[in-house]
Amino acid sequence: MHALLIAVPGALTTVGVIAYGAGYPRAQLFGRTICRTNSARKLALTFDDGPNPTITPRLLDLLDRYNAQATFFLIGRYVRECPELVQETVARGHLVGNHTETHPNLFRRTQREIRIELRLCHDAISNALGSPPKWFRPPFGMRNPWVIPAARELGYGTVMWTLIPGDWREKRPEWLIPRMQPIADRAQRSLGNGSKADSAPTGDILCLHDGAHREMNGDRSRTLAALEYWLPRWRDLGLEFVTIQEAVSTPAA
Ligand SMILES: [Zn+2]
């Protein structure tokens, strides 16, 4: 056989494996990540790309109505512009995490650039709160071999998701709401009539956006509308809304 016929499929496989490791939410190729909660009862709501003065305060009020705690992965340059909003988010029981300084695709960045992106956001949040965050989410979920080790150097665990419904797209809430249906379907299967919670020992991490990485005051009202629809329904299914810290802590007996 011609050498090329052997080499080309091999190269394609390598490209495929790298693409999987870089972008697939639950891939562990480039280092360990958290992709699920440790109980079917626990739903971890996560919001990326804030703080956003036009949306985050309304979201905090909505979460309060359902006694929901969430995790916010913040962009460092926005944190510097509205540190009070970050302080308020934490004062109301939520966790904040590092989502880099400027939201680049880290797959294309060098080890040095990655360290700078993480460090600047780390400092911005630490200055706003007086203590550093413990959780990190890479922008676009993209990793290369240096991303997770760089996060670990600063003491971070890296967090991905089970569901990312695409709330950044310019669509109506009627488009977004059905894309969040899998959460209710799984809850119904594992928590519904007669089923044991142990039959599905893990729960969902949902990735939504209260901010927009291209501009600070991005419109995320469709995300709020979809949550207005789902939060009471998820609560009635028996789901508890937890931070990432609670998502990985030992479940209550
Ligand atoms: Zn993001």
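The values are calculated or read from the model by the stated rules, or taken from the named source; none is laboratory data. Model, not experiment: these values are computed from the prediction. Every residue, glycine among them, receives a Cβ derived from its backbone with ideal geometry; neighbour counts consider all protein chains shown. SASA here: full protein model, heavy atoms, side chains in, ligands and nucleic acids out. Shrake-Rupley method; radii C 1.70, N 1.55, O 1.52, S 1.80 Å.
Name the single residue that is farthest from Thr37 (Cα to Cα) among those in the stretch 203-253 being more than 19 Å from the chain's Cα centre (by Cα) and hydroxyl-bearing (Ser, Thr, Tyr). My answer is Tyr229.
Residues in the stretch 132-162 that are assigned to a loop (DSSP other than H, G, I, E, B), under 17 Å from the mean Cα position of the chain (by Cα) and either surrounded by fewer than 21 Cβ atoms within 10 Å (Cβ to Cβ) or within 14 Å of the ligand (Cβ to nearest atom) (or both): Lys134, Arg137, Pro138, Met142, Arg143, Tyr156, Met160, Trp161, Thr162. Taken together, the residues in the stretch 51-105 that are in a strand (DSSP E or B) and under 27 Å from Arg233 (Cβ atoms) amount to 6.
Return a yes/no flag: does the stretch 46-60 have any residue that is in contact (Cβ under 8 Å) with a residue 24 or more places away in the chain, surrounded by fewer than 17 Cβ atoms within 10 Å (Cβ to Cβ) and either within 16 Å of the ligand (Cβ to nearest atom) or among the acidic types (Asp, Glu) (or both). Checked against the condition, which is being in contact (Cβ under 8 Å) with a residue 24 or more places away in the chain, surrounded by fewer than 17 Cβ atoms within 10 Å (Cβ to Cβ) and either within 16 Å of the ligand (Cβ to nearest atom) or among the acidic types (Asp, Glu) (or both), the stretch 46-60 yields no hits at all. Within the stretch 170-179, can one find any residue that is in contact with a Leu (Cβ under 8 Å, 6 or more places away or on another chain) and either more than 16 Å from the ligand (Cβ to nearest atom) or not hydrophobic (A, V, I, L, M, F, W, C) (or both)? No, there is no match, as no residue in the stretch 170-179 is in contact with a Leu (Cβ under 8 Å, 6 or more places away or on another chain) and either more than 16 Å from the ligand (Cβ to nearest atom) or not hydrophobic (A, V, I, L, M, F, W, C) (or both). Close Cβ contacts (under 9 Å, 6 or more residues apart or on different chains) running from residues in the stretch 211-232 that are without any contact (Cβ under 8 Å) to a residue 24 or more places away in the chain to residues that are in a loop (DSSP other than H, G, I, E, B) and open to solvent by less than 40 Å² (accessible area, probe 1.4 Å) comprise Arg214/His103. So in the stretch 87-125, with the set limited to residues that are within 17 Å of Glu215 (Cα to Cα) and crowded, with 24+ Cβ neighbours inside 10 Å, which one is farthest from the ligand (Cβ to nearest atom)? So the residue we want is Cys121.
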